[in-house]
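Asker: Pasting a structure below so you can have a look.
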Amino acid sequence: CEARDAVDRFYTKVAEEDLLRVEGLQTLRQDLLEQALEYYRRFLKQRGSDPDFGSDAAVVQGNVASILADVGDPAEALVAAEQATKVFESMQAANSTDPRITGRLAGALAVQAVVLDRLDRTHEALDMHVRSLELHESLPMGSPERSAAESRRLWSARGAFEARLGRLEE
């Protein structure tokens, strides 16, 4: 769907743009993310239960979780992240060799880990994050699903979780 692709590009740009995180632009960033969230919620309401959109719905659910983790209710974000994870786990069980599914499952688990940490459930967050990291590292080197930037981000996040748990030596 062209509209969803456009919103996905918009959401990704807003979510990743460091300039929108500086003082004075945070409200604009939040407004832009909330607009993407509104679209994604409409998409899920209209097509979330349509089996032809299973993977798309799970990706959108993961985006909803990421937005809510960033600018919304962490408890609601956790529900969305768990739903996305569940769909990708069942998809991986059916086709464990597809790196796109494995990459998406790794991403959903990483979002779930961030949300668990925000809910002060850091031990669970670390467990979830380790699963995400292991899946990511199992992807073929050089594949689009296994970028060096994402590997660095995941290892850095693991270090942050370990540090919060007082495990600096790990």
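Asker: In the chain, which helices (entire DSSP H runs) extend 15 Å or more along their own long axis, judged by Cα positions, while averaging at least -1.0 on the Kyte-Doolittle scale? Please report the intermediate quantities before stating the final value.
Answerer: Values: long enough: 2-16 (21 Å, -0.82); 26-47 (31 Å, -1.19); 54-71 (25 Å, 0.88); 74-94 (30 Å, 0.24); 99-118 (29 Å, 0.61); 122-138 (24 Å, -0.65); 148-164 (24 Å, -0.72).
The qualifying helices are 2-16, 54-71, 74-94, 99-118, 122-138, 148-164.
Asker: Work out the P(r) tail for region 23-170: percent of alpha carbon pairs separated by more than 22 Å, whole number.
Answerer: Numbers: 4678 of 10878 pairs.
Summing the P(r) of region 23-170 above 22 Å gives 43 percent of all pairs.
Asker: Given 10 Å bins starting at zero, what is the percent of C-alpha pairs of region 1-94 in each, up to the one with the largest pair distance?
Answerer: 17, 47, 29, 7, 1
Asker: Counting each DSSP H run of 4 or more residues in the chain as -39500 (n - 2.57), what helix-only mean residue ellipticity at 222 nm follows after dividing by all residues, to the nearest 500 deg cm²/dmol?
Answerer: Working: 7 runs with 130 residues, N = 170.
Computed mean residue ellipticity for the chain: -26000 deg cm²/dmol.
Asker: Additional query: Once both labels are modelled 7 Å past Cα along the beta-carbon direction, what's the Arg47-Asn95 spacing in nm?
Answerer: My value for the distance between the label points is 1.7 nm.
Values in this text are rule-based calculations from the coordinates and carry no lab data. Because the structure is a prediction, the values reported are computed rather than measured. Cβ sites come from the backbone with ideal geometry, for glycine too, and all protein chains shown count toward neighbours.
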